[in-house]
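Asks: The following block contains the structure, expressed as structure tokens.
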Amino acid sequence: MRESYISRRVAGLKPSGIRKFFDIAGTMKDVISLGIGEPDFTTPKSILEAGAASLRRGDTHYTSNAGIVELRKALSEHLERLYSVHYDPATEIVITVGGSEALYLAATALLDVGDEMIIPTPCFVSYQAQAILAGGVAVEIPGRMEENFDLNINELTAAINSRTKAILLGFPSNPTGAVASRERLLQVAELAERHDLIVVSDEIYDRLVYGVPHNCFASLPGMRKRTLTLGGFSKDYAMTGWRIGYACGPAELIKGLIRVHQYAVMSAPTIAQWAALEAILHGEEEVEKMRLEYDRRRRMLVDGLNQIGLPTFEPRGAFYTFPKVSATGLDDDTFCNRLLQEEHVAIVPGNSFGAGGEGFARACYATAYNQIEEALRRMERFVNRL
């Protein structure tokens, strides 16, 4: 009899550090969670109504593999208005089951066995796993707090070889909140051109930036032809449970993504597609309200963490802070475990997010202001006891 029927590729995946922590937190009372990367806002009312209206109309069937044409057209106009990048709704956009499916499609469509995908880290926990599941190799390039977790161009350049197929970027960053500088992105663009690489740019947090612009990678000179832009509605529009995202890029690449998509899931949820259309057409005011509230919480959490002795650089995007918990003398796993057990505050060890995350922890401010205040009081008590 076989030792295991599970493939070596799957068996070798590291369990999610985020889920492990919240399985523990779920068994405890009075826990304040600064860990789950999910808006605490309910989906705006007009978007809810659009989803309900689609049910009442009987829109409960499959759509085309690429998604309803109304949404693709609106998304094309939306991205052109924001970033001056045009995508043909007929051939250059596919609507996906959240941004996570877009990431899966990109890795699966691009990578052959042994192909390397360069991934700046710390990063979203799924990035390395998607490359590995596609048969590729995830090559991590750690960023540094001293450089605000911007792209490490020297190490990225040194990592490129004959097996390199793509670079996967995630800015604004989960978990650090970093926003890549235009200067560094232009350097990545030059490398992609010189070495004939595809850039997969996960821009799921594009609307959640504070005092700086979002730089859409495909808008950089010469980059539209070699960029897959991934995005979605979960973070900006508080639609995590709707599971609706997208990928945009040159027709040849999107054709490959749709080929995987049609066999994996057929089409994105029909109700969610109609809701996403309403989000694009009439959701701007709500997005800005949420962004302003995140900004208020961001400033309070960053100031509070620094004041209690946890050095934290200023995040300019998404809704995360990344304090250096090793300043207390504890490693990140120990700090987070003890904080959860002793003060019932849940944050995520930085090592969950790849190389460069060791010694840090992710604390999310997609949580009510008063809850963040209380979490800071508890964290201060904990740090003062060490």
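Asks: Where does the longest stretch of the chain lie that holds no chymotrypsin sites (Phe, Trp or Tyr not before Pro) found in a DSSP loop with 11 or fewer other Cβ atoms within 10 Å?
Replies: On the way: sites that count: TYR5, TYR62.
That would be 63-386.
Asks: If all Cα-Cα distances of region 12-57 are sorted into 5 Å bins from 0 onward, what percent lands in each bin, rounded to whole numbers?
Replies: In whole percents, the pair-distance histogram is 5, 15, 16, 14, 11, 11, 15, 11, 3, 0.
Asks: Counting other Cβ atoms within 10 Å, keep those with at most 15, restrict to DSSP loop, and tell me which trypsin sites (Lys or Arg not before Pro) in region 83-172 are left.
Replies: When the trypsin sites (Lys or Arg not before Pro) of region 83-172 are filtered for loop state and at most 15 Cβ neighbours within 10 Å, ARG144, ARG163 remain.
Asks: Next question. Please list the equivalent ellipsoid semi-axes of region 56-162, computed as the square roots of five times the alpha-carbon gyration tensor eigenvalues, in descending order and whole angstrom. Mind dumping the intermediate values first?
Replies: Working: eigenvalues 213, 68, 36 Å².
Equivalent ellipsoid of region 56-162: 33, 18, 13 Å, largest first.
Asks: What is the ratio of the Cα radius of gyration of region 104-171 to 2.2 N^0.38 Å, where N is its residue count, to two decimals? Provide the component values of the computation, followed by the final result.
Replies: Values: Rg = 11.7 Å, N = 68, 2.2 N^0.38 = 10.9 Å.
With N residues counted in region 104-171, Rg over 2.2 N^0.38 Å equals 1.07.
Asks: For the chain, set up a GNM with springs between Cα atoms under 10 Å and report which of SER326, SER234, SER352 has the largest fluctuation.
Replies: Result for the chain, Cα springs under 10 Å: SER326 fluctuates most.
Asks: Starting from 0 in steps of 5 Å, tell me what percent of the Cα-Cα pairs of region 108-241 lands in each bin.
Replies: The distribution over region 108-241 is 2, 10, 21, 24, 22, 14, 5, 1, 0, given as percents.
Asks: Let me ask another. If the viscosity is 1.002 mPa s and the temperature 20 °C, what translational diffusion coefficient in µm²/s does Stokes-Einstein give for the chain when Rh comes from Kirkwood over Cα pairs?
Replies: On the way: Rh = 21.4 Å.
So the translational diffusion coefficient is about 100 µm²/s.
Asks: Normalise the Cα radius of gyration of region 178-336 by 2.2 N^0.38 Å (N = residues in it) and let me know the number. Working shown, then result.
Replies: Numbers: Rg = 18.8 Å, N = 159, 2.2 N^0.38 = 15.1 Å.
Output field value: 1.25.
Asks: Also: Report the Cα centroid-to-centroid distance between region 266-291 and region 153-183 in angstrom, as an integer.
Replies: For region 266-291 versus region 153-183, the Cα centre distance is 29 Å.
Asks: Follow-up question, since we're still on this one. From Cα coordinates alone, what are the radius of gyration and Dmax values for region 278-347 in angstrom?
Replies: Values for region 278-347 (Cα only, Rg and Dmax): 15.8, 50 Å.
Asks: Using C-alpha positions alone, give me the convex hull volume of region 58-282 per residue in cubic angstrom.
Replies: Working: hull volume 25.4 nm³, N = 225.
Normalising the Cα hull of region 58-282 by residue number yields 113 Å³.
Asks: What does the highest-first list of 296-302, 328-334 look like by mean Cβ count within 10 Å? Working shown, then result.
Replies: Numbers: 296-302: 18.6, 328-334: 16.3.
Ranking, from highest mean packing down: 296-302, 328-334.
Asks: Per q in 0.21, 0.26, 0.28, 0.31 Å⁻¹, report the Debye log10 I(q)/I(0) for region 82-126, using one uniform scatterer on each alpha carbon and no solvent.
Replies: Cα-only, vacuum Debye calculation for region 82-126: -0.98, -1.09, -1.10, -1.12.
Asks: In units of 2.2 N^0.38 Å, what is the alpha-carbon radius of gyration of region 183-237? Intermediate results must be reported in sequence, preceding the final value.
Replies: Details: Rg = 12.1 Å, N = 55, 2.2 N^0.38 = 10.1 Å.
So the Cα radius of gyration is 1.20 times the expected 2.2 N^0.38 Å.
Read-outs: derived from the displayed coordinates by stated rules, not from any lab. What you see is a predicted model; the values in this text were computed from it and never measured. Glycine gets a Cβ as well: all are built from the backbone with ideal geometry, and neighbour counts include every protein chain shown.
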